Amino acid sequence: MKPAKTSPVQIARRGLMLVISSPSGAGKSTIARTLLGIDKNIGLSVSVTTRPRRPSEVEGVHYHFKSVREFERLRDSDALLEWAEVHGNFYGTPREPVEQAMAEGRDMLFDIDWQGAQQLQEKMSADVVSIFVLPPTMTELQSRLHRRAEDSEEVIQTRLANSRAEIAHWREYDYVIVNDDLDTAFDAVQSIVKAERLRRDRRHGMFDFVRGLLEETPSL
C-alpha cells in the first residue's frame, strides 16, 4: 500500500524586488516578458514615464504614460519609490502597488536602468535582487536596436552612445549575465529567482514552522 501523499509545506515569505537592467537592446525586456508569462507569482512593476508611447505599447501594461507636470506631481508627493531621467525622458516606480505586493508575499519585477536600481538599493536593499544583462558585443547590440525597428536612427545612435556609460555600472549588481543566447540567459535568471526565494531572511514563516517541528512528538 502506497503512503498517502502529503500537501506541499507552505511557508510564508516576504516578496522580493527583482531588478533587471541592461543597455537598450541587450535583452532585459524580452527576459522580463518571458518570466512574467510563466511565473504567476511575479508581477510587473509598471513604471510611469514621460516618454512618448511606441506603436506596440499599451497604456497601463508597458507603462503609465504621463505629462511632465503629472510626473513631477507624483515625484514631489513621495508617491514614487525611485525615479530617473533617461535619454531626456523621466521614468519612475509607483510606491503603493509594490509595497502591497511585497507584504502579500508576491514578487515584483522591475525593468529599470542603473539609476533606478541604485535608489531601490538605498531604500530597500534587503528586498532587492539585481541582475545586469550584457550584450555579447557592441556590434550585436547595434544590430538588435536596428532589428527592433521602433526608434529613429537618431534615437538609436543616442542609445548606443549612452550604452557604454550604462555598462560601466555592472559591478553594482548582484548578478551579471551575458545574453549571447536568450534561452541560456533566461535559464540563468530563473535559477537566480528560485535560489533567492529560499533565502532564510525572506521566509519569515520559517520561525513558526521550525517551532512547530521541534514541538512535534511523533506517535509510535
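Within the stretch 199-220, can you find the residues that are surrounded by fewer than 11 Cβ atoms within 10 Å (Cβ to Cβ) and part of a loop (DSSP other than H, G, I, E, B)?
Once the filter is applied, which keeps residues that are surrounded by fewer than 11 Cβ atoms within 10 Å (Cβ to Cβ) and part of a loop (DSSP other than H, G, I, E, B), the stretch 199-220 yields Glu216, Thr217, Pro218, Ser219, Leu220.
Has the stretch 141-156 got any residue that is crowded, with 16+ Cβ neighbours inside 10 Å, outside any helix (DSSP H, G or I), hydroxyl-bearing (Ser, Thr, Tyr) and out of contact with any Leu (no Cβ under 7 Å at 6 or more places or on another chain)?
No, the stretch 141-156 has no match at all.
Any residue that is at positive phi and either surrounded by fewer than 21 Cβ atoms within 10 Å (Cβ to Cβ) or not aliphatic (A, V, I, L, M) (or both) - is there at least one of those in the stretch 98-119?
For the stretch 98-119, residues at positive phi and either surrounded by fewer than 21 Cβ atoms within 10 Å (Cβ to Cβ) or not aliphatic (A, V, I, L, M) (or both): present.
Pairs only if they're at least six apart or on different chains, beta carbon under 9 angstrom, first in the stretch 33-59 and part of a strand (DSSP E or B), second loosely packed, with under 10 Cβ neighbours inside 10 Å; list them, first residue then second.
Leu44/Val61
Keeping to the stretch 1-32, report how many residues are part of a loop (DSSP other than H, G, I, E, B) and either in contact with a strand residue (DSSP E or B) (Cβ under 6 Å, 6 or more places away or on another chain) or farther than 24 Å from Glu96 by Cα (or both).
Pass one, the stretch 1-32, residues part of a loop (DSSP other than H, G, I, E, B): 1-16, 22-27.
Now narrow it down to the ones that are either in contact with a strand residue (DSSP E or B) (Cβ under 6 Å, 6 or more places away or on another chain) or farther than 24 Å from Glu96 by Cα (or both): 1-11, 15-16, 22-27.
Adding up the residues that qualify gives 19.
Which pairs have Cβ atoms under 8 Å, sit 6 or more apart or on different chains, and link a residue in the stretch 97-123 that is farther than 19 Å from Glu166 by Cα to one that is among the basic types (Lys, Arg)?
Within 8 Å, the pairs are Met102/Arg14; Ala103/Arg14; Gly105/Arg13; Gly105/Arg14; Asp107/Arg197.
Within the stretch 60-77, can you find the residues that are touching a residue at least 12 places away in the same chain (Cβ under 8 Å), assigned to a loop (DSSP other than H, G, I, E, B) and not charged (D, E, K, R)?
Listed by number, the residues that qualify are Gly60, Val61, His62, Ser67.
A quick yes/no check of all residues on (1) touching a residue at least 60 places away in the same chain (Cβ under 8 Å); (2) at negative phi; (3) touching a Ser or Thr at 6+ places or on another chain (Cβ under 6 Å); (4) surrounded by fewer than 16 Cβ atoms within 10 Å (Cβ to Cβ):
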| residue | (1), (2), (3), (4) |
| --- | --- |
| Ile167 | yes, yes, no, no |
| Arg171 | no, yes, no, yes |
| Val176 | no, yes, no, yes |
| Asp180 | no, yes, no, yes |
| Asp183 | no, yes, no, yes |
| Phe186 | yes, yes, yes, no |
| Val193 | yes, yes, no, no |
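Given Asp39, Asp107, Asp111, which one is within 26 Å of Leu198 (Cα to Cα), modelled with pLDDT under 90 and under 14 Å from the mean Cα position of the chain (by Cα)?
On inspection, the qualifying residue turns out to be Asp111.
The values are calculated or read from the model by the stated rules, or taken from the named source; none is laboratory data. All figures in this text were calculated on a predicted structure; none of them were measured in a lab. Heads up, the Cβs are rebuilt from the backbone with ideal geometry, glycines too, and the neighbour counts pull from every protein chain shown.
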